[in-house]
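**Q** Supplied in C-alpha cells, the structure appears directly below.
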Amino acid sequence: MITASHSQLMAQYNEWMNSRMYALCASLPDTELHRDRGAFFKSIYATLNHIAYGDLAFLSRFTGTPSVVPEPGADLFGTFSLLRAERVALDKRILGWSESLTPAWLAEPLTYTSKIDGKTRTVPKWVLVTHMFNHQTHHRGQVTTLLSQMGLDVGATDIPFMPQFQAHA
C-alpha cells in the first residue's frame, strides 16, 4: 500500500510538471493547441482537458466535490486560459487533499461506477489514488511527446529533478 507521504510527493510532482508544461503550452497559439496531432485525444488541448476531467472524477470519488462529473470528452472550460486557471486551482486542491490522507483512509474500500465503462467496482482507495497520479503522468507523457514533435522541450520530467531535490556540485 502507498503512504500519505508518497501521495504528497506525487501531488507536488503533479503541480511541478503541470506548471512547466502549461507555461510552455501558453506560448502556442490556440490553433496549435487544438490541432489534431493524431494522439489518442487528438490535440494537446483535448489531452490536457482529459487530465483535468480525470482529476475531477477522482476528487469527486474521494471528496464528494464536484458532486456531478461531466461526461467524458466534454470540453470542460472552453479556452486554454480557463483550463490553465482551473489546472492551477486543481493542483492546489490536490496538494491540500494529499496532506489530509491517513493510512486508515487509504486502506478503506471505495465503491464507484465508472463513467468510462459503466461498471461498478470496489477498490481500496490507495489503488485509486495510485491510478489518479499514474493517469496524470501517462497523459502528460503524451503531451510532452506532442510538444517534442513540435521541437519544444518541457525539460526534465523526473522526480529527482524537482526543485526540492536539487543536485549539489
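Readers should treat all values here as calculations from the given coordinates under stated rules, not as data from a laboratory. Because the structure is predicted, anything quoted here is derived from the model rather than measured. A quick note on method: Cβ atoms are made from the backbone with ideal geometry, for glycine too, and the neighbour counts reach across all protein chains shown.
**Q** Roughly what would the spin-label model give for residue 169 and residue 150, points 7 Å off Cα along C-beta, in nm?
**A** A separation of 3.4 nm, rounded to one decimal place.
**Q** Find the relative contact order for region 4-165 and round it to a whole percent, using C-alpha pairs within less than 8 Å whose residues are 6+ positions apart.
**A** Working: 149 pairs, mean separation 49.6, N = 162.
Relative contact order for region 4-165 comes out at 31 percent.
**Q** Where nothing but the Cβ of Lys and Arg (+1) and of Asp and Glu (-1) is charged, how large is the charge dipole of the chain around its Cα centre, in debye to the nearest 20?
**A** With Lys and Arg at +1 and Asp and Glu at -1, about 240 debye.
**Q** Related question: Give the residue from 45, 72, 90 lying farthest towards the positive end of the charge dipole for the chain; charges sit on Cβ (+1 for Lys and Arg, -1 for Asp and Glu) and the dipole is referred to the Cα centre.
**A** Towards the positive end, the residue furthest out is 72.
**Q** Report the FRET efficiency, 1/(1 + (r/R0)^6), for residue 39 and residue 5, where r is their Cβ-Cβ distance and R0 is 30 Å, rounded to 0.05.
**A** The formula returns an efficiency of 0.35 here.
**Q** What distance in nm separates the simple spin-label points at residue 110 and residue 157, each placed 7 Å from Cα in the Cβ direction?
**A** With each label point 7 Å from Cα toward Cβ, the separation is 2.5 nm.
**Q** Once phi is turned into ³J(HN,Hα) by the Karplus curve 6.51 cos²θ - 1.76 cosθ + 1.60 with θ = phi - 60°, what whole-Hz value does each residue of region 107-124 show in order, with x for glycine and proline?
**A** Per residue, the Karplus-derived 3J(HN,Hα) values read 7, 5, x, 10, 9, 8, 10, 6, 7, 7, 10, x, 8, 9, 10, 10, 9, x Hz.
**Q** Over the Cα atoms of region 4-165, how large are the radius of gyration and the largest Cα-Cα distance (Dmax), in Å?
**A** According to the Cα coordinates of region 4-165, Rg and Dmax are 15.8, 47 Å.
**Q** Report the charge-dipole magnitude of region 25-68 in Debye, nearest 20, computed about the Cα centre from +1 at each Lys and Arg Cβ and -1 at each Asp and Glu Cβ.
**A** Dipole about the Cα centre, nearest 20: 120 debye.
**Q** In addition: When the dipole is taken about the Cα centre of region 85-129, and only Lys, Arg (+1) and Asp, Glu (-1) are charged at their Cβ, what size is it in debye, to the nearest 20?
**A** Value, rounded to 20: 140 debye.
**Q** Placing +1 on the Cβ of each Lys and Arg and -1 on the Cβ of each Asp and Glu in the chain, which of 136, 34, 113 has its Cα farthest towards the positive end of the resulting dipole?
**A** Checking the options against the dipole of the chain, the answer is 113.
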